[in-house]
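The next block holds one structure in the form of structure tokens; read it before the comments.
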Amino acid sequence: MRPEDRFVERLRETLSGREELLVGPGDDAAVVRLSAGPLVVTTDTLVENVDFLPGEDPGRLGRRAVSVSLSDLAAMGAWPDFFLLTIGFPESASEDLPLALALAAAKRAEEFGASLVGGDLSRSTEIFLSVAVWGRPCGGVVRRSGARPGDLVFLSGWPGEAAAGLAVARARAGGDRSEGRIWAPEELAVPDETRLLAAYREPEPRLPLGRALAREDLATAAIDVSDGLGVDAGRLARASGVRLVIESESLPVSPALQAFAELAGRDPIEMALEGGDDYELLFTTPAERAGRFADPPAEWGAPVRRVGRIESGEGAFLEEARGLRPIDDLGFDHYGAGP
């Protein structure tokens, strides 16, 4: 178990419960019972030199800050109503910077019908944005803890593309390219570079997919893949008390990720497992409902593929030709280094 997960466990042991709290720490969002119905609440923070590189465009950064929080709601099968935004910025920053960040964040939220209703400003040594968002369940709340042996595992989108996009952004900024072989950004085809950078800088919260999973009661469990497919698969498995097996042959690798991996001398499967910032949904469903995902409707907004299965046992594993390999320690470590 990673330090972040141990922190959550120790915190849960010390907190006293309340009748109104339906879901507390340890899931993608909290769920609170109110007289008007349950409210789904989450928060996320982006910090310069930890979650993004210096010099990031304020518009992209404001949009991204909202998107990563909305991804948590998507995993719970909820839709956003409003959000609060806190911005920290250094004394050297332009007066226009906080406004540009806030306006971009507000515009992004409006795309999903949510409104910016307040927040805070603070001086800091580096730029940071913290978003707290509230929403309503679209059906039953989807948690990490409902997977059962016999369920099938599905994943939206293309894992690993955001990690490759970060590597490209770092290279474009003149940063370290020590992993794999030495390469130049110009060697990557422009369409592939554009796609990978967009995956990192402009994540798409899978709210329509999460809404469908909740409304149609399709998912037994779900998690937002933000720290890496491996570690987040491990979190879902631990919450559900099962073993989650990802089948290597079923794991999608996009042509853009494949092109980058060949250029950089990296393994695309490893990038898909350990790369963070995907903001895709990993979820489980009973085998008898798997046919619903054979041809995902366009309104879901993302490709959805079966990538594995749930078994009795514990942990998350990758099934390869040589057998099962544990993967629940592959991903971003919040107690470790930044980008």
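The values are calculated or read from the model by the stated rules, or taken from the named source; none is laboratory data. As the structure is a prediction and not an experimental result, all values here were calculated from the model. For neighbour counting, all protein chains shown are included, and Cβ atoms are generated from backbone atoms with ideal geometry for every residue, glycine included. Keep in mind that these areas ignore ligands, DNA and RNA; they rest on the heavy atoms of the full protein, side chains included. Shrake-Rupley method; radii C 1.70, N 1.55, O 1.52, S 1.80 Å.
Picking from residues in the range 132-151 that are farther than 18 Å from residue 113 by Cα and of a type in the set (Lys, Arg), the one that is modelled with the highest pLDDT is 148.
Consider residue 109 against the criteria (1) under 20 Å from the mean Cα position of the chain (by Cα); (2) over 30 Å from residue 218 (Cα atoms); (3) open to solvent by less than 60 Å² (accessible area, probe 1.4 Å): it satisfies all of them except one. Which criterion is unmet? Unmet condition: (2).
Taken together, 324, 281 contain a single residue that is within 24 Å of residue 202 (Cα to Cα) and out of contact with any Cys (no Cβ under 9 Å at 6 or more places or on another chain), which is 281. Filtered by the rule that a residue be farther than 20 Å from residue 205 by Cβ, open to solvent by 30 Å² or more (accessible area, probe 1.4 Å) and not small (Gly, Ala, Ser), the range 137-152 gives 148, 149, 152.
Hey, does the range 257-266 have a residue that's at pLDDT 95 or above, surrounded by fewer than 20 Cβ atoms within 10 Å (Cβ to Cβ) and either touching a His at 6+ places or on another chain (Cβ under 6 Å) or among the small types (Gly, Ala, Ser) (or both)? There is no residue in the range 257-266 that is at pLDDT 95 or above, surrounded by fewer than 20 Cβ atoms within 10 Å (Cβ to Cβ) and either touching a His at 6+ places or on another chain (Cβ under 6 Å) or among the small types (Gly, Ala, Ser) (or both).
Only one of the listed residues (218, 209) is surrounded by fewer than 24 Cβ atoms within 10 Å (Cβ to Cβ), of a type in the set (A, V, I, L, M, F, W, C) and more than 28 Å from residue 1 (Cα to Cα). That residue is 218. Screening 71, 115, 124 for residues that are buried (at least 20 other Cβ atoms within 10 Å of the Cβ) and among the polar types (S, T, N, Q) leaves exactly one candidate, 71. Within the range 2-36, the set of residues being more than 25 Å from residue 206 (Cα to Cα) and in contact (Cβ under 8 Å) with a residue 40 or more places away in the chain comprises 2, 3. So, residue 155, is that one under 15 Å from the mean Cα position of the chain (by Cα), within 30 Å of residue 191 (Cβ to Cβ) and open to solvent by 10 Å² or more (accessible area, probe 1.4 Å) or not? When the stated conditions are applied, residue 155 does not pass them. Can you say whether residue 131 is among the β-branched types (Val, Ile, Thr), over 19 Å from residue 77 (Cα atoms) and open to solvent by less than 30 Å² (accessible area, probe 1.4 Å), as far as the supplied structure shows? No, not satisfied.
In this structure, does residue 301 turn out to be in contact (Cβ under 8 Å) with a residue 24 or more places away in the chain and under 18 Å from the mean Cα position of the chain (by Cα)? Judged against the criteria, residue 301 is a match.
Considering only residues that are assigned to a loop (DSSP other than H, G, I, E, B) and exposed (fewer than 15 other Cβ atoms within 10 Å of the Cβ), which ones fall in the range 315-328? Passing the criteria: 321, 322. Screening residue 288 against (1) under 21 Å from the mean Cα position of the chain (by Cα); (2) assigned to a helix (DSSP H, G or I) leaves a single unmet condition, (1).
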